[in-house]
1. Spin-label point model (7 Å from Cα, Cβ direction): what's the residue 171 to residue 142 distance in nm?
2. Any chance you could check the Cα centroid distance between segment 41-58 and segment 145-210 for me, in angstrom?
3. When the Kirkwood hydrodynamic radius is evaluated over all pairs of different C-alpha atoms of the chain, what value in angstrom, to one decimal, is obtained?
4. If each residue of separation counts as 0.36 nm, what is the full-extension length gain between residue 107 and residue 128 once their alpha-carbon separation is subtracted?
5. Can you tell which of 138, 41, 178 shows the greatest fluctuation in a Gaussian network model of the chain with Cα springs below 10 Å?
6. Regarding segment 151-210, what's the average projected area of the Cα-atom convex hull, expressed in nm²?
7. Please build a GNM for the chain, connecting alpha carbons under 10 Å apart, and tell me which residue among 46, 184, 35 fluctuates the most.
8. Taking springs between alpha-carbon atoms closer than 10 angstrom, which of 165, 204, 43 fluctuates most in the Gaussian network model of the chain?
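Coordinate-derived values only; no laboratory data. Keep in mind that this is a model prediction, so the values were computed, not measured. Please note: Cβ atoms are built from the backbone with ideal geometry, for glycine as well, and neighbour counts cover all protein chains shown.
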Ligand SMILES: Nc1ncnc2c1ncn2[C@@H]1O[C@H](COP(=O)(O)OP(=O)(O)OP(=O)(O)O)[C@@H](O)[C@H]1O
Ligand SMILES: [Mg+2]
């Protein structure tokens, strides 16, 4: 039984890879089987994975050659900046949920608008085969920026699944192949509640019996 997540926003630096690796670490920490597929040529998520200490809960790189019927757990797909057109359509057929990280700034909101519109027009999203959720990224609670993001999402009829604060924790952890799921510090504990909202949202995805065919021959 497998669940698939696509992390996407064509705006560069919106927090896709940060979201990918930290969510992967949380799912792995609770004992779930997690695979990562890094579609970005920069391979940041893949590099993070290769620097991950062996004593931490395992996260596996996704390997199409091993993608037979017996997959279980999660497949998390980190996508590159600029994802659009046919590649976007293809990826939306693969993932049952799309998580879109957006920072609460006028520039990021404007840059994400066309993408969210494009998502709404995709068949998989229109037919609700693929659900879209937004994560506010680098949000300082109770600021004007935070409420601007919330107001704008209301107009888009999109759920704000959670918002994550700007924290050095993510930057430091990434140097060591770690994520929030691996950290037991007080700072990490303070951030964790926000991540639980995201875990609750992804847990609502009904598991599929197997990976979509397109993924088993994905190169
Ligand atoms: N919540 C956060 N707190 C602090 N720093 C963050 C946070 N989220 C992201 N960053 C930092 O912002 C930068 C961009 O984040 P990230 O690489 O995750 O974005 P991206 O969308 O994957 O970028 P690209 O489009 O280039 O793939 C990185 O330096 C990352 O460490
Ligand atoms: Mg990235």
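1. Distance between the two pseudo-spin positions: 2.5 nm.
2. Each part reduced to its Cα centre gives a spacing of 19 Å.
3. Details: mean 1/r = 0.0573 Å⁻¹.
For the chain, the Kirkwood estimate is 17.5 Å.
4. Details: separation 21, 0.36 × 21 = 7.56 nm, distance 2.85 nm.
Difference between extended and current length: 4.7 nm.
5. Between 138, 41, 178, it is 41 that shows the largest mean-square fluctuation.
6. On the way: hull surface 25.2 nm².
Directional mean of the projected Cα hull area for segment 151-210 stands at 6.3 nm².
7. Highest fluctuation of the listed residues: 184.
8. Comparing 165, 204, 43 in a Gaussian network model of the chain, the most mobile one is 204.
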